[in-house]
Amino acid sequence: MEEVSEVAALIVLKRRSVSAIRRWHTGSTTSRVAGCAQCPVVVIRENQEPTPAGSAVVVGVDDRGHAGTAVDMAFAEADLRRTDLIAVHAWQPPDLTSGFIPADPEELAGLRQSAQAELAEALAGHGELYPDVSVHHRVVSGPVVEALAQACEGAGLLVVGRHAERRAGTIALGSVARHCMKEVHCPVMITPVHRTNRPAPRWLSTETPVGPGF
């Protein structure tokens, strides 16, 4: 599947509902493919219910620079679907269990401002490319997966980036993408870390998405 991903526009996989024990023994095909594919991978849950037309696209933005391709694809998908884009960036105060002194209100305000700046920087320049896409910024204090799951209520697609390139097994996938596949009820698009030189998904009309058996 990795060889196919080098020429494919998109890979679409269905995540089966199996027991945790069986998944532990056999491994997860969706996680393995999403962790090494060179193109975006969309994971759809078994018995996925169709999302209403106009449902928003959600994109998760981190502070490690892994979301570049995810932001590109999310804007393109929102433009293609003629819907809004919700950009989510979650941050957390210092972990008190690690011996940190609790942050005072001024420090917390500074952390929130930094998170807002990081989100704005990640989205910079896309508004000019996609002027018809309405973007809603959400800077949330709390666990990342929980923030994304809440933002995805009623959404049509979640786009997240994985955390590394070409690592063995599912290591490259990252914990956020892995947990989103389990907990988010809309389709999840997982993008490679690097920025591709491929055009936006408009050219899916000339390329064929691939799935198992293709």
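The values are calculated or read from the model by the stated rules, or taken from the named source; none is laboratory data. Just so it is clear, the model here is predicted, and its values are computed rather than measured. Cβ coordinates were reconstructed from backbone atoms using ideal geometry, including for glycine residues, and neighbour counts include every protein chain displayed. Surface areas here come from the heavy atoms of the whole protein model, side chains and all, with no ligands, DNA or RNA. Shrake-Rupley method; radii C 1.70, N 1.55, O 1.52, S 1.80 Å.
Kindly write out, for region 83-90 in residue order, the coupling ³J(HN,Hα) from the Karplus curve 6.51 cos²θ - 1.76 cosθ + 1.60 (θ = phi - 60°), rounded to whole Hz, with x marking Gly and Pro.
Result, rounded to whole Hz: 9, 7, 10, 10, 9, 10, 10, 9.
I'd like the accessible area for Asp63: 1.4 Å probe, protein heavy atoms, all chains in place, Å² to the nearest 10.
100
Would you calculate the volume per residue, in Å³, of the smallest convex hull containing every Cα atom of region 32-146?
Value for region 32-146: 150 Å³ per residue.
Check each of the trypsin sites (Lys or Arg not before Pro) in region 46-151 and keep only those in coil by DSSP with at most 16 other C-beta atoms within 10 angstrom; list them in order.
Sites meeting the loop and neighbour criteria: Arg64, Arg82.
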